[in-house]
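Note sheet for the following structure.
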Amino acid sequence: MLSNLQARDAATVLHPYTNLAALPQQGSLILERGDGVFVYDVEGKPYIEGMAGLWCNALGHGREELVEAASEQMRRLPFAHLFTGKSHDPAIALAEKLKELAPGNAAKAFFCNSGSEANDTQVKLVWYVNNALGRPQKKKIISRIKAYHGVTVASASLTGLPNNHIDFDLPLPQVRHAGCPHHYRFALEGETEEEFASRLAAELDAMIQAEGPDTVAAFIAEPVMGAGGVIVPPRTYFEKIQPVLEKYDVMLIADEVICGFGRLGEWFGSTALGMKPDTMSVAKQLSSSYLPIAAVIIPNWIDEALNRQSEKIGVFGHGFTYSGHPVAAAVALKTLEIYERENILGHVREVMPHFQQRLRAFGDHPMVGEARGMGLVGAVDLVADKASKRPFDAKRFAAAKVVALAQEEGLIVRAIGDAVSICPPLVITEEEIDQLFDRLGRALDRAE
Ligand code: PLP
């Protein structure tokens, strides 16, 4: 039986990423408030937020400083834009801070409101810049199977998951998908991680050759793939991929929407994974998700190309009403200040070995084929048969069941196909990590 709120919810809210047909029977978990790594439903039941919302609520709930930063900015100047001839201090200070933190030669930040908009902007910049550079045929973008880059027309095209393409008439014709670096699922019999990484690099080389190097403009990658199932590439994967990209003058876009700002114990996942990207997309933990804000960080050579094109056309014809919204920018700045002042990265580095140790212990569980992760993110892959890695037959049954049982145990985690993903707030303590995995363990035992 649905509660009154659940019935009203099912009747009126069109839910993202939801089995819409099943919702009227199942009902939504309706949350009311949060405190630290805990959230509470309308009945007052507490849950450990084992997904930091959607991989984003780094500082947990109830940070008064962020509330203050938002209300102070709202009182002073709730809105101003960055279109022709206008700017404001929070956007300027945030762009300066991102430039200071970003690895490589970051020149400028372009602000958007979501990870999807950031990656959509990346696609448009790739096309625009290649026109500016006088190579209008160089437009294809290679993403990867199981990548997640968002849901707008261009970013959903980059996403390498069937549900984002089927019946949406996607992907766009300029997008290709290369192999997924998931050794457990896609390595050949007896292939080591090293050999697997070498094969993926060779396949990428062959793909670029087959497409015609003059037509391939960019390669986009998450350092650790998130919504595709928390896939950590082999240690030498990017080391082997990058020379291929350099050989064909293909730029590298890092999608740091999940990995950025400490998830892997570094400011950026690129640093942790040995990636040297040309541009980066950031969002989510940029504001600890207290308000929506995202950015594309670009180097000098792209900035110069944009200037040239702008000179020719008269305007850089791209931007959102809320690009660099002052309240969101003020909250993001305060978030970055807290990360530094409280040494959140240091905390992540301190607790992540314990997190990974508790996570990987599930590798021995009869239902778990692989327990994998890095930093403060991980997943357990459920299998019907460990030896053959055979997945469960029923559609999403096993992972969805574990997620539902975890919810009963007071833990929020997320099903991704046959995997259950875990991505807690960065501020989680070792004691809370123990509580999280104790609850997940009970859910797995009950699901057997
Ligand atoms: N890129 C990555 C790596 C993501 O994980 C996500 C969202 O989960 C996106 C892009 C899209 O971000 P948004 O949902 O804010 O549009």
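The values are calculated or read from the model by the stated rules, or taken from the named source; none is laboratory data. Because the structure is predicted, anything quoted here is derived from the model rather than measured. Every residue, glycine among them, receives a Cβ derived from its backbone with ideal geometry; neighbour counts consider all protein chains shown.
In the range 404-425, the residue that is surrounded by the most Cβ atoms within 10 Å (Cβ to Cβ) out of those that are free of Cβ contacts under 8 Å to residues at least 40 places away in the same chain and outside any loop (DSSP other than H, G, I, E, B) is 415. Is it the case, given these coordinates, that residue 30 is touching a residue at least 40 places away in the same chain (Cβ under 8 Å) and over 24 Å from residue 150 (Cα atoms)? Criteria not met by residue 30.
Restricting to the range 245-285, and then to whatever is of a type in the set (Asp, Glu) and either within 13 Å of the ligand (Cβ to nearest atom) or not assigned by TED's automatic domain parsing to the domain that holds residue 205 (or both), can you tell me which residue is surrounded by the most Cβ atoms within 10 Å (Cβ to Cβ)?
Selected residue: 255.
Per-residue answers, yes or no, for (1) modelled with pLDDT of 95 or more; (2) in contact with an Asp or Glu (Cβ under 6 Å, 6 or more places away or on another chain); (3) part of a loop (DSSP other than H, G, I, E, B); (4) closer than 22 Å to residue 352 by Cα:
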position: 254; (1), (2), (3), (4): yes, no, no, no
position: 258; (1), (2), (3), (4): yes, no, yes, yes
position: 261; (1), (2), (3), (4): yes, no, yes, yes
position: 272; (1), (2), (3), (4): yes, yes, no, yes
position: 286; (1), (2), (3), (4): yes, no, no, yes
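Is at least one residue of the range 312-324 farther than 30 Å from residue 235 by Cα, small (Gly, Ala, Ser) and touching a helix residue (DSSP H, G or I) at 6+ places or on another chain (Cβ under 7 Å)?
yes
The set of residues in the range 229-244 being away from the ligand (no atom under 16 Å from the Cβ) and either assigned to a loop (DSSP other than H, G, I, E, B) or not polar (S, T, N, Q) (or both) consists of 234, 235, 236, 237, 239, 240, 241, 243, 244.
Residues are listed down the side, and each one gets a yes or a no for (1) away from the ligand (no atom under 13 Å from the Cβ); (2) crowded, with 20+ Cβ neighbours inside 10 Å; (3) farther than 21 Å from residue 274 by Cα:
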{"residue": "93", "(1), (2), (3)": "yes, no, yes"}
{"residue": "99", "(1), (2), (3)": "yes, no, no"}
{"residue": "104", "(1), (2), (3)": "yes, no, no"}
{"residue": "118", "(1), (2), (3)": "no, yes, yes"}
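Once the range 39-49 is narrowed to residues that are farther than 15 Å from residue 289 by Cα and not acidic (Asp, Glu), the residue that is farthest from the ligand (Cβ to nearest atom) is 44. Within the range 11-69, the residues that satisfy the criterion of being within 23 Å of residue 416 (Cα to Cα) and β-branched (Val, Ile, Thr) are 13, 18, 30, 37, 39, 48.
Count of the range 163-190 residues, restricted to those that are acidic (Asp, Glu) and within 15 Å of the ligand (Cβ to nearest atom), is 0. Scanning the range 120-162 for residues being more than 10 Å from the ligand (Cβ to nearest atom) and on the phi > 0 side of the Ramachandran plot gives a total of 2. The residue list 77, 94 contains one member that is touching a residue at least 40 places away in the same chain (Cβ under 8 Å), within 22 Å of residue 259 (Cα to Cα) and not assigned by TED's automatic domain parsing to the domain that holds residue 438, which is 94.
When the residues of the range 328-370 are narrowed to those that are buried (at least 21 other Cβ atoms within 10 Å of the Cβ) and small (Gly, Ala, Ser), which ends up farthest from the chain's Cα centre (by Cα)? Taking the candidates together, the pick is 369.
The condition (being within 27 Å of the chain's Cα centre (by Cα) and closer than 21 Å to residue 337 by Cβ) is satisfied by just one residue among 77, 54, 82, 101: 101. Quick one: is residue 319 assigned by TED's automatic domain parsing to the domain that holds residue 89, surrounded by fewer than 18 Cβ atoms within 10 Å (Cβ to Cβ) and not in a helix (DSSP H, G or I)? Yes, satisfied. Picking from residues in the range 289-311 that are farther than 18 Å from residue 277 by Cβ and touching a residue at least 24 places away in the same chain (Cβ under 8 Å), the one that is farthest from the ligand (Cβ to nearest atom) is 308. Of the listed requirements (1) out of contact with any Ser or Thr (no Cβ under 7 Å at 6 or more places or on another chain); (2) surrounded by fewer than 17 Cβ atoms within 10 Å (Cβ to Cβ), residue 187 misses just one: (2).
With respect to residue 220, determine if the residue is under 30 Å from residue 135 (Cα atoms), among the hydrophobic types (A, V, I, L, M, F, W, C) and touching a residue at least 24 places away in the same chain (Cβ under 8 Å).
Numbers: under 30 Å from residue 135 (Cα atoms): yes; among the hydrophobic types (A, V, I, L, M, F, W, C): yes; touching a residue at least 24 places away in the same chain (Cβ under 8 Å): yes.
When the stated conditions are applied, residue 220 passes them.
Rundown of residues vs (1) crowded, with 23+ Cβ neighbours inside 10 Å; (2) in contact with an Asp or Glu (Cβ under 7 Å, 6 or more places away or on another chain), yes/no style:
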{"residue": "205", "(1), (2)": "no, no"}
{"residue": "215", "(1), (2)": "no, no"}
{"residue": "218", "(1), (2)": "yes, no"}
{"residue": "221", "(1), (2)": "yes, yes"}
{"residue": "236", "(1), (2)": "no, yes"}
{"residue": "240", "(1), (2)": "no, no"}
{"residue": "243", "(1), (2)": "no, no"}
